[in-house]
Amino acid sequence: MTPLPACCTPLNAHWPLPEPLPGTVFLSTRFDPALLNAGDFQRSAVPPPASIQRSVAKRQAEFLAGRLCARTALQQLDRLDCVPAIGEDRAPVWPGHISGSITHSTGHAAAIVGYKAQWRGLGMDLENLLSLERAERLAGEILTADELQRMADLPREQIALLVTLTFSLKESLFKALYPIVQKRFYFEHAEVLEWSDAGHVRLRLLTDLSAEWCHGKTLEGQYAVDGDQLLSLVAISA
């Protein structure tokens, strides 16, 4: 095993969401960009793409932390020794028989992988919880008209969570579905129908992406809040 760089904590396999996904491997780490050293990519055997080599320490550290989670998850799942490259669409490139997702937010990175024969799509997204002021300012860009209508019925102290949750889930939905449909879609093309304090969510597509993934199709998602961060996951089973 390649030793972890000083900027990353030991990889953690604790499952943070309400419903475990059978057959998947999930790993997370905390990272500190201030502890990143020039030789960490080489010592960790993670080749940095040119765009990462040119970027600031924060971007380099989050890329390295996410790729270390992904590589170890692939080793545990399928004994693969592989660091997912960045594709032309900026998404990680996974081995053909694997579904996966990498995410990071301030000081925290995670990856999940599974076999495509079991999970056709895996999309995971980590976000810092928005402040109430920022949530109210961004709501119109992230929420559909119906979602805004439902938000209006909420107590004001729940708005920041709802807007963060909606943003994160739509990111996770995109990461899970894009590899399947190979078609871009945006915040207005899906809605959160319902969400529970226990971390369960139902989403609905508002556009036709393919014959199977069409307007009105519903999907399940889940989320968990840990401190000031929210993790969401959309998994599409085979």
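The numbers here are math on the coordinates, done by the rules we state, and not lab data. Nothing here was measured: the structure is a model prediction, and the numbers come from that model. Every residue, glycine among them, receives a Cβ derived from its backbone with ideal geometry; neighbour counts consider all protein chains shown.
Could you quote the convex hull projected area for the stretch 77-127, Cα atoms only and averaged over all directions, in nm²?
Its Cα hull, projected and averaged over all orientations, spans 4.1 nm².
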**Study point:** Answer label for Rg and Dmax of the Cα atoms in Å (calculated), chosen among (1) 21.0, 74; (2) 17.8, 53; (3) 17.0, 49
**Key:** (2)
**Study point:** Hydrodynamic radius by Kirkwood, which averages 1/r over all alpha carbon pairs of the stretch 127-237, in angstrom
**Key:** 14.1 Å
Review point. Among Asp146, Asp81, Asp89, whose mean-square fluctuation peaks in a Gaussian network model of the chain (Cα, cutoff 10 Å)?
Key: Asp89
Check your understanding: Among Cys8, Ile98, Asn37, whose Cα lies farthest out toward the positive end of the dipole of the chain, if unit charges sit on the beta carbon of Lys, Arg (+1) and Asp, Glu (-1)?
Key -> Asn37
Exercise for review: Take the chain, connect every pair of alpha-carbon atoms lying under 10 Å apart with a spring to form a Gaussian network, then pick out the residue of Gly107, Gly123, Gly66 with the largest mean-square fluctuation.
Suggested key: Gly107
Study note, to complete from the structure: Note: His215 to Gln182 extended length (0.36 nm per residue) minus current alpha-carbon separation gives 10.3 nm
Check your understanding: What is the fewest-to-most order of Leu231, Leu173, Leu154 by other Cβ atoms lying within 10 Å of their Cβ?
Key -> Leu154, Leu231, Leu173
Review point. Using a basic spin-label model with each label point 7 Å from the Cα along Cα→Cβ, how many nm lie between Asn37 and Asp81?
Key: 2.2 nm
Point to revise | Inter-centroid distance (Cα atoms) of the stretch 3-63 relative to the stretch 181-208, Å | key: 28 Å
Practice item. Hey, can you grab everything whose amide H is under 5 Å from the amide H of Lys116? Only 5+ residues off in sequence or another chain; H modelled, so Pro and N-termini drop out. Key: Ile98, Ser99
Practice item. Quick one: order Cys214, Cys82, Cys7 by neighbouring beta-carbon count within 10 Å, fewest to most. Key: Cys214, Cys82, Cys7
Exercise for review: Rank the residues His108, His200, His215 as a footprinting-exposure proxy: fewest other Cβ atoms within 10 Å of their Cβ go first.
Suggested key: His215, His200, His108
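Give a quick list of GluC sites (Glu not before Pro) in the stretch 88-197 that DSSP marks as loop, anything other than H, G, I, E or B, with at most 12 other Cβ atoms within 10 Å.
On the way: sites: Glu88, Glu127, Glu133, Glu136, Glu141, Glu147, Glu157, Glu171, Glu188, Glu191, Glu194; in loops: Glu88.
Sparse-neighbourhood loop GluC sites (Glu not before Pro): Glu88.
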Check your understanding: log₁₀ I(q)/I(0) of the stretch 41-103 at q = 0.16 Å⁻¹, via Debye over equal Cα point scatterers, no solvent, to two decimals?
Key -> -0.50
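Would you please classify the overall shape of the stretch 31-72 from the alpha carbon gyration tensor, given that a ≥ b ≥ c denote the square roots of the eigenvalues, rounded means a/c under 1.5, and beyond that prolate means a/b larger than b/c while oblate covers the rest? Write out the running numbers ahead of the final one.
On the way: a/c = 1.37, a/b = 1.18, b/c = 1.16.
Rounded is the answer for the stretch 31-72, as its axis ratio a/c remains below 1.5.
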Check your understanding: What residue among Thr164, Thr144, Thr103 shows peak mean-square fluctuation when the chain is described by a Gaussian network model with Cα springs under 10 Å?
Key -> Thr144
Check your understanding: Between Arg120 and Ala91, what FRET efficiency comes out of the Förster formula 1/(1 + (r/R0)^6) with R0 = 22 Å and r the beta carbon distance, rounded to 0.05?
Key -> 0.90
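Run the helix sum for the chain: -39,500 (n - 2.57) per DSSP H stretch of 4+ residues, divided by residue count, reported at 222 nm to the nearest 500 deg cm²/dmol.
Numbers: 6 runs with 72 residues, N = 238.
Calculated from helices alone, the mean residue ellipticity at 222 nm is -9500 deg cm²/dmol.
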Point to revise | Gyration tensor verdict on the stretch 10-139 (Cα atoms; rounded if a/c is under 1.5, prolate if a/b is larger than b/c, oblate otherwise) | key: oblate
Check your understanding: Sequence-distant or interchain residues sharing an amide H contact under 5 Å with Leu209, placed H: which?
Key -> Cys214, His215
Practice item. Cross-chain or 8 or more residues apart, Cα under 17 Å: how many lysine pairs in the chain fit that? Count them up, please. Key: 6
